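Engineer: Structure in structure tokens, see below.
The values are calculated or read from the model by the stated rules, or taken from the named source; none is laboratory data. Keep in mind the model is a prediction, meaning the values are calculated, not measured. Quick reminder, even Gly has a Cβ in these numbers, built from the backbone with ideal geometry, and neighbours come from all protein chains shown. Only protein heavy atoms, including side chains, enter the accessible area calculation; ligands, DNA and RNA are left aside. Shrake-Rupley method; radii C 1.70, N 1.55, O 1.52, S 1.80 Å.
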Amino acid sequence: MPENEKEHYITKYKEWVRTLFYKHSRIMSAMITGPARFPSRRNEKMNNYYDNAVNEFRTWREKALKAISRKIEDAKPKEQKAEEEWTRLKRSIYFSASTIKGINDGTERGYNKALFVSSIYGKVETYAKRGDVIIVEKAIAYVRELNKQSSIITERHKFFKLAEMAKAVCEAQEVRLNKEDTEILFEGGRVIKNYSEDRVQIVFDTKPQPDVISNLKHNGFRWSPRFSAWQRQLTNNAYYAVSRVVPITVEQLMKGENK
């Protein structure tokens, strides 16, 4: 945990411990007071206060640790992230390939080879859809190496076309990055087509009403503290989602997309 995060976390943790001890100290034991005329309803209320505090503490701790983990991950050099991603993917491919080899050899019975092939394909396809050409090419080369020991995925399988998919996505991303962000105003806010972040964002002049927030979440939008905006991935489906939340038409949002 980074030092600048550790101090804040420890301080907040101590505050929670004091709160929990205080709330717990207000719960009386029936073994001490005896059952006669014991204020059970009041004690039940104290118990509920304590249980609620414990749940709130757990929620805070989970969110705090996740936020710190994200900051640690964001601080890693790009090369380190890429290497860690490849290590995880390679390990996953290896485990599936080992089972497939066992199926081929007859040592693994009761398994469906197609499911393990599909698992490998699905994992690598995720990177292809991101336009991560390097990691996809590494995965294909690794599977070809494993194929020398046992037939893991045949060459005619669409798996070996994933590099082409990754390159096409990468080219489309480059085109998108060269586009200028577009803003469309509506009464009470604006919609931003943020091409560099691959996000469509809705920024309100004031905090939206609860029913609007509920509608945003229902349509796949999530709050981004970084941009102070409600956003989701920039796709054609996202334009329809925007039109269901704010008074902007799909035609307005699609304008200029084919240029």
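Engineer: State all residues of region 64-85 that are part of a loop (DSSP other than H, G, I, E, B) and charged (D, E, K, R); if no residue qualifies, say none.
Structural biologist: The one that is part of a loop (DSSP other than H, G, I, E, B) and charged (D, E, K, R): Lys76.
Engineer: On the basis of being under 21 Å from Tyr94 (Cβ atoms) and either surrounded by fewer than 19 Cβ atoms within 10 Å (Cβ to Cβ) or of a type in the set (Lys, Arg) (or both), does Gly122 make the cut?
Structural biologist: Yes.
Engineer: Taking the condition of being open to solvent by 40 Å² or more (accessible area, probe 1.4 Å), outside any loop (DSSP other than H, G, I, E, B) and small (Gly, Ala, Ser), how many residues in region 136-158 meet it?
Structural biologist: 1
Engineer: Here's a check for you: in region 86-135, which residue that is part of a loop (DSSP other than H, G, I, E, B) and on the phi < 0 side of the Ramachandran plot is farthest from the chain's Cα centre (by Cα)?
Structural biologist: That would be Thr107.
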